[in-house]
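Notes to accompany the following structure.
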Amino acid sequence: AIGLRLQSINHERGTVMIRQGKGRKDRLIPIGERACYWVKQYRDLARPRLLDVPESDALFLAKDGQGFSLDGLSSHIGKLIRESGVRQAGSCHLLRHSMATQMLENGADTRWVQAMLGHADMSTTQIYTRVSIRALKEIHTATHPARRVQSQEADKKVETST
């Protein structure tokens with residue numbers, strides 16, 4: 001977020017251009033309709049009131065009207081996380097990790113998560129996006145061979161009772 005500029009977001013295409021992100025590489029990622037809507041609201045309503053330097057093209061501004069520094073944004077996000085009642089300490093990295101984990105839990109392919117995160121090496125993504133035990137149990141229950149056997153036995157019982 002600290003490197004995002006006003007022109008980084010293409011609202012029509014629903015994309016964000018990350019310049020010099022992970023690995024000092026540029027990448028284009030999607031932004032959801034809901035997030036796009038709220039970024040527009042911020043850009044049009046809140047940002048003009050915060051802007052201290054009119055020629056600044058930083059998208060997200062701190063209270064002083066300047067673009068966020070890395071420490072400033074991390075501190076602000078950490079404060080919001082604590083105020084929200086989330087018990088886990090964290091900052092921007094916690095949001096990034098949560099997004100990646102939830103994408104995987106919702107069925108995203110690891111390669112797509114790797115692209116979103118900007119990781120050059122798949123092993124980095126696999127370490128970074130540990131799947132929760134809840135998701136692992138759901139997959140286990142849905143795909144374990146014993147489930148198929150139980151399903152076939154239930155089908156046989158239905159056939160013999162009719």
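Rule-based calculations on the coordinates, nothing more; no lab input. This one's a predicted model, so the numbers in the text were calculated from it and none came from an experiment. FYI the Cβ positions are ideal-geometry reconstructions off the backbone, even for glycines, and counts take in every protein chain you see.
First check a/c for segment 1-68, with a ≥ b ≥ c the square roots of the eigenvalues of its C-alpha gyration tensor; if it is under 1.5, answer rounded, and if not, answer prolate when a/b is larger than b/c or oblate otherwise. In terms of gyration-tensor shape, oblate. Can you bin segment 31-70 into rounded, prolate or oblate? Criterion: square roots of the alpha carbon gyration tensor eigenvalues sorted a ≥ b ≥ c, rounded for a/c under 1.5, prolate for a/b above b/c, oblate for the rest. In terms of gyration-tensor shape, prolate. Rg/Rh, computed from the Cα trace of the chain with Rh as the Kirkwood radius, has the value 1.15.
Charged neighbours of GLY78, selected by a Cβ distance under 14 Å, balance to +2 (K, R count +1; D, E count -1). Roughly how tilted is helix 145-161, in degrees to the nearest 10 and between 0 and 90, from the longest Cα axis of the chain? Between helix and principal axis, roughly 50 degrees. Run the helix sum for the chain: -39,500 (n - 2.57) per DSSP H stretch of 4+ residues, divided by residue count, reported at 222 nm to the nearest 500 deg cm²/dmol. Helices in the chain give a 222 nm mean residue ellipticity of -15500 deg cm²/dmol. Normalising the average separation of contacting C-alpha pairs (under 8 angstrom, six or more residues apart) by the number of residues puts the relative contact order of the chain at 16 percent.
Its Cα centre serving as origin, the chain has a Cβ charge dipole (Lys and Arg +1, Asp and Glu -1) of approximately 240 debye. For segment 28-89, applying the loop criterion from DSSP together with a ceiling of 15 other beta carbons within 10 Å to the trypsin sites (Lys or Arg not before Pro) yields LYS63, ARG87. For helix 70-84, what angle does its Cα long axis make with the longest principal axis of the chain, in degrees from 0 to 90 and rounded to 10? Tilt relative to the chain: about 50 degrees.
Under a no-solvent Debye model with one identical scatterer per Cα of segment 36-97, what's log10 I(q)/I(0) at q = 0.28 Å⁻¹? The calculated log intensity ratios at q = 0.28 Å⁻¹ are -1.12. With everything on Cα atoms, drop me the angle between helix 133-143 and the longest principal axis of the chain, reported from 0 to 90° to the nearest 10. The helix 133-143 is inclined about 40 degrees to the chain.
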